[in-house]
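Peer 1: Before anything else, here's the structure in question.
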Amino acid sequence: MELLFTIAIFFLTSNTANANSIPVEPLTVEEKIIKELGPEFIAIAKCESGMKQFRDDGSVLISPTSDIGLFQVNQVHWNTAKQMGIDINTVDGNIAYAKFLKEQNGYGDWYMSFHCHGYKNNIQ
């Protein structure tokens, strides 16, 4: 009888836990950008990298001028990002460093693609 009671309690608690567990879908790249930077940074990422962090072969997107990922973070920032513990070779890291740049310089770090996205350095 005690064994049946133990099995019944286990069954009830395990089903309750599963019934209360709601799977959480991971955010898309676009949702992460909007959450961390704002919707205008979708346009900036499209202009800078075509919304790509990686090439088709899975390697990190690096421009001929050594700019990395979604927001084409220039090599002059690589050491600072590393010192901050941010890996700009990842989607989350590239977004995090873009957020840092936005907080420091507004849209200024993306002035070379202004003709494409239209955002001037006026958000500080």
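Residue-by-condition table, conditions (1) of a type in the set (G, A, S); (2) modelled with pLDDT of 95 or more; (3) at positive phi:
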position	(1), (2), (3)
G58	yes, yes, yes
V73	no, yes, no
A81	yes, yes, no
I86	no, yes, no
T90	no, yes, no
Y97	no, yes, no
N121	no, no, no
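Peer 1: Just to be sure I understand, how many residues within the range 42-86 are part of a helix (DSSP H, G or I) and either touching a Pro at 6+ places or on another chain (Cβ under 7 Å) or not charged (D, E, K, R) (or both)?
Peer 2: So the answer is 14.
Peer 1: Among the residues of the range 87-103, is any part of a loop (DSSP other than H, G, I, E, B), in contact (Cβ under 8 Å) with a residue 60 or more places away in the chain and either surrounded by 17 or more Cβ atoms within 10 Å (Cβ to Cβ) or in contact with a Pro (Cβ under 7 Å, 6 or more places away or on another chain) (or both)?
Peer 2: no
Peer 1: Moving on. Looking only at the range 19-31, count every residue that is within 14 Å of V91 (Cβ to Cβ) and either free of Cβ contacts under 8 Å to residues at least 24 places away in the same chain or in contact with a Pro (Cβ under 9 Å, 6 or more places away or on another chain) (or both) and tell me the total.
Peer 2: Number of matching residues: 5.
Peer 1: Quickly run through the range 21-43 and pick out the residues that are surrounded by 13 or more Cβ atoms within 10 Å (Cβ to Cβ) and under 14 Å from the mean Cα position of the chain (by Cα).
Peer 2: Within the range 21-43, L27, V29, E30, K32, I33, I34, E36, L37, G38, F41, I42 meet the criteria.
Peer 1: Of the residues N79, N74, which single one is of a type in the set (S, T, N, Q), surrounded by 15 or more Cβ atoms within 10 Å (Cβ to Cβ) and free of Cβ contacts under 8 Å to residues at least 60 places away in the same chain?
Peer 2: N74
Peer 1: Being hydroxyl-bearing (S, T, Y) and over 14 Å from the mean Cα position of the chain (by Cα) is the requirement here; does T90 meet it?
Peer 2: No, not satisfied.
The values are calculated or read from the model by the stated rules, or taken from the named source; none is laboratory data. This is a predicted model, so every value here is computed, not measured. Ideal geometry is used to build each Cβ from the backbone, glycine not excepted, and the neighbour counts take in all protein chains shown.
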